[in-house]
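Asks: Quick one: the structure is below, questions incoming.
The values are calculated or read from the model by the stated rules, or taken from the named source; none is laboratory data. Values in this document were obtained by computation on a predicted structure and should not be read as measured data. Backbone-built Cβ (ideal geometry, glycine too); neighbour counts: all protein chains shown. These accessible areas exclude ligands, DNA and RNA; they are computed on the full protein's heavy atoms, side chains included. Shrake-Rupley method; radii C 1.70, N 1.55, O 1.52, S 1.80 Å.
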Number of protein chains: 2
Amino acid sequence: MRLAIKFNKIFLTSFCLAQLYFLTGNSVVGQTSVPQWDLFELILEGPEGGNPFIGTEFGAVFYNDNDSLWTEGFYDGNGEYKIRFMPEEQGEWTYKTFSNKPSLDGKEGKLICTEAKRGTHGPVMVRDQYHFQYPDGTPFYPFGTTVYEWPFQSMESQLKTLETLKSSPFNKVRFLAVPPYKERYIEEGKLKIEEFPFEGTSRENWDFSRFNPEYFKKLDQCVKWLYENGIQADLILFRPYDDGRWGFDEMDQETNKRFVSYMMARYAAFSNIWWSLANENSFMKSLTDEEWDELFQLVEEKDSYGHLRSIHNAGNIYDYGKPWVSHISLQYYNAVRVPGVSPLLRDLFRKPVVHDEINYEGNITRRWGRISAEELTFRFWNAYIGGGYATHGESYKKNPWISTGGKLIGESPERIAFLKSLVQESPVDWNPVDQYYELNLTGKGGEFYMFYFGKESPSSWKVILPKRGLEEGDRFKVEIIDTWNMTIDPVEGIFEMVPLEGDGYKFRDKDGREIQLPGKPYLALRIKKVAEKPFYP
Amino acid sequence: MRLAIKFNKIFLTSFCLAQLYFLTGNSVVGQTSVPQWDLFELILEGPEGGNPFIGTEFGAVFYNDNDSLWTEGFYDGNGEYKIRFMPEEQGEWTYKTFSNKPSLDGKEGKLICTEAKRGTHGPVMVRDQYHFQYPDGTPFYPFGTTVYEWPFQSMESQLKTLETLKSSPFNKVRFLAVPPYKERYIEEGKLKIEEFPFEGTSRENWDFSRFNPEYFKKLDQCVKWLYENGIQADLILFRPYDDGRWGFDEMDQETNKRFVSYMMARYAAFSNIWWSLANENSFMKSLTDEEWDELFQLVEEKDSYGHLRSIHNAGNIYDYGKPWVSHISLQYYNAVRVPGVSPLLRDLFRKPVVHDEINYEGNITRRWGRISAEELTFRFWNAYIGGGYATHGESYKKNPWISTGGKLIGESPERIAFLKSLVQESPVDWNPVDQYYELNLTGKGGEFYMFYFGKESPSSWKVILPKRGLEEGDRFKVEIIDTWNMTIDPVEGIFEMVPLEGDGYKFRDKDGREIQLPGKPYLALRIKKVAEKPFYP
């Protein structure tokens, strides 16, 4: 064991988040600390010969007084075998390695998990059936964007993308773990030919039994940059975009499974990971639903942290009801052209709904990439009013953000930021209110309401609310929101609610007032309960 | 065996559709014929003592050169054990009974299955993933109605309901196999107390181990009347409407399973049966999804004919993706307020979509029973334009059709009949055309289109169609349909299609024409390809 030596070397070349651990023989010679939910990486030296990716089984048990967790390691080239671990609880953890190779077996050590770094909240999980949160209880409201190929760009371009993301509303990025076939990736100066996920230089000589660690080190960097900036990495494991060239979409199932296992060993310890089994999975004609089941179950088995798992469709939609799917990741453009569809999706699958492709703001020839900023903003609103979430994309001819990243030039991100602020400021989650009868109303009966009028251009609105949660005498303030111009105008007065005569299901303003609206599209109403008046005796 | 004697008796009192069979000892002494898909009933005499519903296992194998089928029998009181069989193939069939009771075991015989009676087409099955057909290839387009309690009314009332159905557009009726708790059913003169599914007179003394054959004979009659008139019986096995009184919604799972088995033995041989596992199943709080799975699987196992199977929801929606669910039977009112939802449901579950409760035309206090005829017709159109189907209901204070049947007084049935005629006349099934992008268009690209404008009031329509299936030069006739006033007005001229410049996804009329529309709601356009002109040399 020469981990002490390795340590220095790795420290210079790697981006490992946590300190490494020193071992002499099989015993501890030093101690390290790792902030909660950060990445701890153990490096072991092992055999370089043969094929280290096949037949070498190794991993470690990490345990404390309450918990124990098994995680597999991965080979990272140059005789380095790595085991990554994300401590979810503060305090002392002990680990012990196991392997069928003596040099990787029986190493033991300890680490201290310290307080989380400011801004770090741990992996996002499902909350209240339809929403998300961090393990420390902080809600997470996804506002995603799409930059499929940013890991395969130059570092300069990657850093520019990162800067754009940091000043955007987007807190989740969908991107590919395996590059799509594009002419530019085989030209000199863009992506070097050796930097593919597998050893080899072309379809003729891929060695699917050997991963290319240099490729994955770059991908690691992208995940880590997002982590450091509090952005979720919605990492897409498989994709069909091969144009008959590289064959990454037609690997046999054994290779697919080995790839999944490697990805789990390598990335599951990043707290900001979401797994997307595939983009447009049904375009990968060679894989059956049963094979997708198998890959999903493998992710479930190998990811010791239970990160979120979904799959993104084209044509045939994978069954979101299956137990290993944590949330819906839907591509169905018409589903966000009215707010009423997301509630149905929630009720059908009892899981959070993320509309992960809803057409892109842009002007390219393909119709999925040429909707207006108004239309994309409208679709976002429909998703959130329906109790779901949505993901942005931009595809201007001169600025293919969804492919390569870089900068954003569209007009929707600003409006999405405005929507995000409304969601974050809201005293309640946005859940449909009376979802079988109301098409455009979210909030919580009796407390908070958001009506969205979409493309209608109402010039007035009679103050009437569904009765659920209301009591006679409840009083509300109303604000008129222009979702496109991003203005919030309070309506004068307080509205006191009484039952609507002869209806049985609604309450109306006691004075029957009607609110004047500016008669244009994309209006919303925010209605908040007024706190009880203080009692002056 | 005294079947010869039994025959005469039964012939007078029973409504059995097929001739009975004579047996002496265990051998055939006569021969009978049964039209294809009709009901053949074999009556065996067996023990009357003890509890014939428990522990008596019996059934028969029916076989011909190609096929064999096992069906269980049921006890029908008075020492009569019956086995019902629907022959699906013409020619000679042989049967042999098996039982753990010697008197019911080893009876053999033959029957000749003759040509189907005029108007009889066999059991409805799924066709082309999203539609239905009879086994002889005749399409079946469901236009259902709801008369939950008609089997529990007086025969006079039942016959009136039947007459109404015969002159209505409705070819499927949803109704309950077990009565809901209503005060009127325990008053003298309405439903006699002894005519409950189980022996006993009240919750205090039901004997759930003994069925009441007299109750089921009346239910048989209702199913048969529908059969004779070509109407599907969408028979609802379980329902929650007990108001804490009878406890039929809280039977233990063993009783539920015995009930299902009895229903299968008794009704599966009726060719017009559809199984609805429940109405508003999630209101039966005592049953878990796993128990529903078990009941579904029991239906699948015991119904040798594979009749259609679904379940109708309230709140929590059962997973339609499960393999034993043949079609969606959804209660989600907002899902038919736009046409775009049915395509999504089709794509999510890859099964036919039947919107089996979409609110009722009427004027009762409850909001689910007070929509206008215009609104119900609008919702029907949305369902069919989306490639789904819908079910009607009427609930006027003075005419509770959905409960007791009788006559129809609403204005929607006539419009539903009009829609039905359009569906039946159509040269293609109504499937969404370009369902990710078009919200209100059904038909088949290049052949037939139906646009539906719902509550919009367009005063013109530019002749533009999605390109799928179109070739330059294809020519179309257009008709303007007023779906409320039931008029069809041809538009003058023939429209020849050319690609829409700069779009890539649409074709337009060569001359850029715009069709004038009457600027009112509920309009549709029917667009049919004009046959190629004959070639005159």
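Asks: Can you pull out the chymotrypsin sites (Phe, Trp or Tyr not before Pro) in the range B:470-537 whose DSSP state is coil and whose Cβ has at most 11 other Cβ atoms within 10 Å?
Replies: Within the range B:470-537, the qualifying chymotrypsin sites (Phe, Trp or Tyr not before Pro) (loop, at most 11 other Cβ atoms within 10 Å) are B:PHE535.
Asks: Put the label 7 Å from Cα along Cα→Cβ for A:PRO518; what are its distances to the other copies, in nanometres, shortest first?
Replies: Counterpart label points of A:PRO518 in the remaining copies fall at 3.9 nm.
Asks: Picking from B:SER459, B:TRP93, A:PHE208, whose Cα lies most toward the positive end of the charge dipole for the protein assembly as shown (charges on Cβ: Lys, Arg +1; Asp, Glu -1)?
Replies: Most positive-ward Cα: B:SER459.
Asks: Does anything in the range B:233-261 have its amide N under 13 Å from the 7 Å Cα→Cβ label point of B:GLU204, and if so which residues?
Replies: Under 13 Å, as judged by backbone N against the label point of B:GLU204, lies no residue of the range B:233-261.
Asks: Continuing with the same structure: What value does the range B:67-166 have for Rg/Rh, both radii from Cα atoms and Rh as Kirkwood defines it?
Replies: Result for the range B:67-166 is an Rg/Rh of 1.05.
Asks: Ignoring ligands, DNA and RNA, what percent of the accessible area of the range B:383-436 is carbon or sulfur (1.4 Å)?
Replies: Carbon with sulfur: 46 percent of the solvent-accessible area.
Asks: To continue, here is another question. How much FRET efficiency would the formula 1/(1 + (r/R0)^6) give for A:GLU471 and B:ILE464, where r is the Cβ-Cβ distance and R0 is 41 Å, rounded to 0.05?
Replies: For A:GLU471 and B:ILE464, the calculated efficiency is 0.20.
Asks: Which one, B:TYR437, A:ILE488, A:GLY445, projects farthest toward the positive side of the charge dipole computed for the protein assembly as shown from Cβ point charges (K/R +1, D/E -1)?
Replies: The listed residue farthest towards the positive side: A:ILE488.
Asks: Let me ask you something else. May I ask you to give the solvent-accessible area per residue for the range A:306-397, in square angstrom, as obtained with a 1.4 angstrom probe?
Replies: On a per-residue basis, the range A:306-397 sits at 20 Å².
Asks: Greater than 22 Å separation of Cα atoms is the criterion. Which listed pairs, A:LYS117/A:LYS444; B:LYS467/B:LYS510; A:LYS96/A:LYS217; B:LYS96/B:LYS218; A:LYS444/B:LYS322; B:LYS397/B:LYS520, meet it?
Replies: A:LYS117/A:LYS444; A:LYS96/A:LYS217; B:LYS96/B:LYS218; A:LYS444/B:LYS322; B:LYS397/B:LYS520
Asks: Checking buried surface per residue: for the range B:407-445, which residues lose a minimum of 50 Å² accessible area in the protein assembly relative to the chain alone (1.4 Å probe)?
Replies: Flagged in the range B:407-445: B:TYR436, B:TYR437, B:LEU439.
Asks: Using only Cα atoms, locate the centre of the range B:101-177 and the centre of the range A:428-497, then give the distance between them in Å, rounded to an integer.
Replies: 48 Å
Asks: Next up: For B:ASP242, list long-range residues whose amide hydrogen, built 1.01 Å from N in the peptide plane, is under 5 Å from its own amide hydrogen.
Replies: Long-range HN contacts for B:ASP242: B:TYR181.
Asks: If we hang a label 7 Å off Cα along the beta carbon direction at B:LYS455, how far is it from the matching labels on the other copies, in nm, shortest first?
Replies: 1.4
Asks: Let me ask something else about it. May I ask you to evaluate 6.51 cos²θ - 1.76 cosθ + 1.60, the Karplus curve with θ = phi - 60°, for each residue of the range A:77-88 and list the ³J(HN,Hα) values in order in whole Hz, giving x for glycine and proline?
Replies: Going residue by residue, I get x, 6, x, 9, 10, 10, 10, 10, 8, 10, x, 9 Hz, with x marking Gly and Pro.
Asks: A further question on this structure: Enumerate by residue number the GluC sites (Glu not before Pro) in the range B:37-131 meeting two conditions: DSSP loop (anything except H, G, I, E, B), and at most 11 other Cβ atoms within 10 Å of the site's Cβ.
Replies: B:GLU48, B:GLU115
Asks: Compute the long axis of helix A:155-166 from its Cα atoms, compare it with the longest principal axis of the Cα atoms of chain A, and write down the angle in degrees, 0 to 90, nearest 10.
Replies: The angle comes out at about 30 degrees.
Asks: With the cut-off at 1.5 for a/c, could you classify the range B:401-537 from its C-alpha gyration tensor as rounded, prolate or oblate?
Replies: Taking the square roots of the gyration eigenvalues as a ≥ b ≥ c, the range B:401-537 is prolate.
Asks: Then there is this: So the label point sits 7 Å from Cα along the Cα-to-Cβ vector; using that for B:SER154, what distances do you get to the other copies, in nanometres, sorted shortest first?
Replies: From this label point to the equivalent ones elsewhere in the assembly: 9.1 nm.
Asks: Give me the angle, in degrees from 0 to 90, between the Cα long axis of helix A:213-228 and the longest principal axis of the Cα atoms of chain A, rounded to the nearest 10.
Replies: So the helix axis and the longest Cα principal axis differ by about 40 degrees.
Asks: Relative contact order of the range A:365-506, please, whole-number percent, based on alpha carbon pairs below 8 angstrom and at least 6 residues apart.
Replies: 18 percent
Asks: Over the range A:253-299, give the accessible area per residue in Å² for a 1.4 Å probe, as an integer.
Replies: Per-residue value: 27 Å².
Asks: Out of residues 5 or more away from B:GLY493 or on other chains, whose amide H comes under 5 Å of its own, with H placed 1.01 Å from N in the peptide plane?
Replies: none
Asks: For the range A:72-122, just the Cα set please: Rg and Dmax, both in angstrom.
Replies: 13.7, 40
Asks: Here's another thing I want to ask about it. Cβ under 10 Å from B:GLN36's Cβ, B:GLN36 left aside: what net charge do those residues give with Lys, Arg +1 and Asp, Glu -1?
Replies: That sum, taken over residues with Cβ under 10 Å, equals -4.
Asks: Using label points projected 7 Å from each Cα along Cα→Cβ, tell me how many nm separate B:LYS101 and B:LYS257, to one decimal.
Replies: Between B:LYS101 and B:LYS257, the simple spin-label model gives 2.2 nm.
Asks: For chain A, take the longest principal axis of its alpha carbons; what is the angle in degrees between that and the long axis of helix A:3-13, to the nearest 10 within 0 to 90?
Replies: Value to nearest ten degrees: 50.
Asks: Let me ask something additional. For chain A, take the convex hull of the Cα atoms, compute a quarter of its surface area, and give me that in nm², please.
Replies: So the mean shadow area of the Cα hull is 28.6 nm².
Asks: What's the FRET efficiency of A:TYR181 with A:ASN51 using the Cβ-Cβ distance as r and R₀ = 25 Å, to the nearest 0.05?
Replies: The value I calculate is 0.45.
Asks: Still on this structure: If one takes the accessible area of chain B alone plus chain A alone and subtracts that of the pair, with a 1.4 Å probe, what total in Å², rounded to the nearest 100, results?
Replies: 3600 Å²
Asks: What shape does the protein assembly as shown have by the C-alpha gyration tensor, where a ≥ b ≥ c are the square roots of the eigenvalues, rounded means a/c under 1.5, and otherwise prolate means a/b greater than b/c and oblate the rest?
Replies: Taking the square roots of the gyration eigenvalues as a ≥ b ≥ c, the protein assembly as shown is prolate.
Asks: What are the residues of the range B:487-508 that lose 40 Å² or more of accessible area, with a 1.4 Å probe, going from their chain alone to all protein chains?
Replies: B:TYR505
Asks: Charges only on Cβ, +1 for Lys and Arg, -1 for Asp and Glu: so what's the dipole of chain B about the Cα centre, in debye to the nearest 20?
Replies: Taking the Cα centre of chain B as origin, the dipole is about 1000 debye.
Asks: Now for a different question. Residues of the range A:330-368 with accessible area at least 30 Å² lower in the all-protein-chain context than alone (1.4 Å probe)?
Replies: Buried by 30 Å² or more upon assembly, which counts only protein chains, are A:TYR332, A:TYR333, A:ASN334, A:ARG337, A:VAL338, A:VAL341, A:LEU344, A:ASP347, A:LEU348, A:PHE349, A:ARG350, A:ARG367.
Asks: Per residue, what accessible area does the range B:431-529 have, given a 1.4 Å probe and all protein chains present, in Å²?
Replies: Here the per-residue accessible area is 44 Å².
Asks: Still on this structure, please answer the following. Counting only residues 5 or more places away or on other chains, whose amide H sits under 5 Å from the amide H of A:VAL354 once H atoms are built in the peptide plane?
Replies: Excluding prolines and chain starts, which carry no amide H, the hits are A:ILE328, A:SER329, A:LEU330, A:TYR389.
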